[in-house]
1. Let's test the formula: R0 of 25 Å, r as the Cβ-Cβ distance of ARG60 and THR217. What FRET efficiency results, to the nearest 0.05?
2. What are the semi-axes of the equivalent ellipsoid for the stretch 41-97, taken as the square roots of 5 times the Cα gyration tensor eigenvalues, largest first, in whole Å?
3. Would you mind checking which residues have amide H under 5 Å from VAL232's amide H? H placed 1.01 Å from N; only 5 or more apart, or other chain.
4. So what are the three principal axis dimensions of the stretch 28-142 from its Cα atoms, in whole Å, longest to shortest?
5. Among HIS174, CYS219, VAL196, whose Cα projects farthest towards the positive end of the dipole of the stretch 168-234, with charges put on the beta-carbon of Lys, Arg (+1) and Asp, Glu (-1)?
6. I need the semi-axes of the equivalent ellipsoid of the stretch 110-242: take the C-alpha gyration tensor, multiply each eigenvalue by 5, square-root it, list largest first in whole angstrom.
7. Can you list which of the GluC sites (Glu not before Pro) found in the stretch 155-247 are DSSP loop residues with at most 11 other C-beta atoms within 10 Å?
8. Over all alpha-carbon pairs in the stretch 165-251, figure out the percentage whose distance exceeds 15 Å.
Amino acid sequence: MTVEVFPTEAAVAESLARRLADEIVERGTTTLGLPTGRTPLLLYEALVRISRADRVDWTRVRTFNVDEFEGLGSGDATSYRRFMDEHLFSKVSIDPANVGFLDGRAPDLGAECARYERAIADAGGLDRLVLGIGANGHIAFNEPADGLHADTHVATLELTSRAANAWWFGGELHRVPPRALTIGLATVLGARAISVIATGESKADAVRAACQRTVTTRCPASFLQLHADVTVLVDQPVADLLDGPGGVSRR
Ligand code: PGA
């Protein structure tokens, strides 16, 4: 795992947006795994700006978002699907047919998870997966537990994860669904390259736990140690808290 330190959250976003845009231009056809949340807001802003300035062609880009709330889908104002439409998909030249998304309103959620797993496999897997990290060490909505799921599944959210999402629900915690559909750890580790964004000091403990050479289901992000191509992009507030014994190596 490589840790890259940037002075600010905006510099993290700019660097990763540039990398994604360059990969889209170089490869033409590419499949991305994408996150939602507060963290990637600046990333998508930068990616839209670069895509417009450089006329980046998104028509052969496929995307799969990593999670969606149970009970919510594309028609809902608080769905993750709506978040992505608003912040990225409506602003770049992506073909809507190439947008993969979990449907939290599907009548059979187990079948929906299986469909999604197959869709990612049929697309040839994820070329680059972008992830945030929860303050509790979750990646996508794989929450700390005694055991983790390999495949796409329905997850029960920790209160802290629901609280971290309350802003997207007008600050009303009770409106944040208690469960979500999420890709699993095998889906994550099956991506060819992974970029994790961790900004703001509240993420420092999770990053430190993720970077220890111990893999534990109590910190799902620690499973990223098992992947050969993971970069964690952190801002200075996170970096300042990573130093000391057991600190992480960085570039
Ligand atoms: P956040 O979520 O960006 O809203 O903090 C990160 C994550 O859970 O992936």
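1. Values: r = 37 Å, r/R0 = 1.49.
After rounding to 0.05, the efficiency reads 0.10.
2. Working: eigenvalues 99, 31, 16 Å².
Those come to 22, 12, 9 Å.
3. Sorted by chain and number, the residues that satisfy this are THR2, VAL3, GLU4, VAL196.
4. Taking max minus min along each principal axis of the Cα atoms, the stretch 28-142 gives 42, 32, 28 Å.
5. Value computed over the given set: CYS219.
6. Values: eigenvalues 100, 84, 35 Å².
With the √(5λ) rule applied to the stretch 110-242, the semi-axes are 22, 21, 13 Å.
7. Counting only loop positions with at most 11 other Cβ atoms within 10 Å, the GluC sites (Glu not before Pro) in the stretch 155-247 are GLU172.
8. 66
The numbers here are math on the coordinates, done by the rules we state, and not lab data. Just so we're clear, the structure is a prediction, and the values are computed from it rather than from any experiment. Note that each Cβ is placed from the backbone with ideal geometry, even for glycine, and that neighbours are counted across all protein chains shown.
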